[in-house]
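Okay, structure first, notes after.
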Amino acid sequence: TQLLEQSPQFLSIQEGENLTVYCNSSSVFSSLQWYRQEPGEGPVLLVTVVTGGEVKKLKRLTFQFGDARKDSSLHITAAQPGDTGLYLCAGATLHAGGTSYGKLTFGQGTILTVHP
Amino acid sequence: DTEVTQTPKHLVMGMTNKKSLKCEQHMGHRAMYWYKQKAKKPPELMFVYSYEKLSINESVPSRFSPECPNSSLLNLHLHALQPEDSALYLCASSWITMKEDTEAFFGQGTRLTVV
């Protein structure tokens, strides 16, 4: 069974601070996706990282995929109250025949609260 | 159109009721999924349909019965549920490809309460 360990589980910070969320596994994933979810809503895809060592930036968010494709991190610079939400990392694997589904293994999630 | 639409948004049902959750996408995705999510927990996979056929059932109790009438629609039929089945039910869809960056797109979910 593939597992993704996400940390920290809870993060409460002041507006303007920086933060990093980590996602680690002993398994290799073909890709890793980061989602943000607000209460009562579905997860919204932020980014997908595929290549080992890859770094992607989305405004104040920086995503990194480890060289061995087993871990990833999300760094937020100068957090704002609008960043508040549940952040989920999810790993995807190729299936028999090499096809890729959206069948995902999720980390436990990080509940981020940014106070004004 | 990049949306996955789920109806209803909220549902309250008794333990003897029969109800259905509906999901629709028009992105041409040929894989569709049902996930269950408890509060402050990650989504848990229930079912996967590929090319309108059930390909994965994650040992879900038979009181949950999925159906995929066509490539755009996915239903989840509910019967004799228990209060512990109360959760956010999420539908998702994706391409089926040979690429490694296949992404899943989620609907807004149906908040189900079993009384």
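Can you report the number of residues in segment A:79-97 which are surrounded by 12 or more Cβ atoms within 10 Å (Cβ to Cβ), out of contact with any Leu (no Cβ under 8 Å at 6 or more places or on another chain) and farther than 26 Å from B:L45 by Cβ?
So the count comes out to 1.
Mind checking which residues of segment B:54-68 are within 17 Å of B:H29 (Cα to Cα) and modelled with pLDDT of 95 or more?
If the condition is that a residue be within 17 Å of B:H29 (Cα to Cα) and modelled with pLDDT of 95 or more, then B:E67, B:C68 are the ones that fit.
Of the conditions (1) modelled with pLDDT under 95; (2) within 9 Å of chain A (Cβ to nearest Cβ); (3) under 24 Å from A:L3 (Cβ atoms), B:T97 clears all except one; give me its number.
Only one criterion is unmet by B:T97, namely (3).
Assuming A:R69 fulfils every condition listed in (1) touching a residue at least 60 places away in the same chain (Cβ under 8 Å); (2) within 14 Å of chain B (Cβ to nearest Cβ); (3) crowded, with 19+ Cβ neighbours inside 10 Å apart from one, which condition is it?
Looking at each condition in turn, A:R69 falls short on (1).
Take A:T62 and decide whether it is hydroxyl-bearing (S, T, Y), in contact with a Lys or Arg (Cβ under 9 Å, 6 or more places away or on another chain) and in contact (Cβ under 8 Å) with a residue 60 or more places away in the chain.
The answer is no for A:T62.
How many residues does segment A:18-46 contain that are over 12 Å from the mean Cα position of the chain (by Cα) and surrounded by 14 or more Cβ atoms within 10 Å (Cβ to Cβ)?
The total comes to 6.
Looking only at segment B:16-50, count every residue that is hydroxyl-bearing (S, T, Y) and within 11 Å of another protein chain (Cβ to nearest Cβ) and tell me the total.
Selection size over segment B:16-50: 4.
What are the pairs with Cβ atoms under 7 angstrom where one residue, in segment A:104-116, is surrounded by fewer than 23 Cβ atoms within 10 Å (Cβ to Cβ) and the other, located anywhere, is of a type in the set (K, R)? Sequence gap at least six, or different chains.
Note: pairs meeting the criteria are A:I111/B:K40.
The values are calculated or read from the model by the stated rules, or taken from the named source; none is laboratory data. Everything quoted here is computed from the prediction, not taken from an experiment. Don't worry about glycine lacking a Cβ; one is built from the backbone with ideal geometry, like all the others, and counts go over all protein chains shown.
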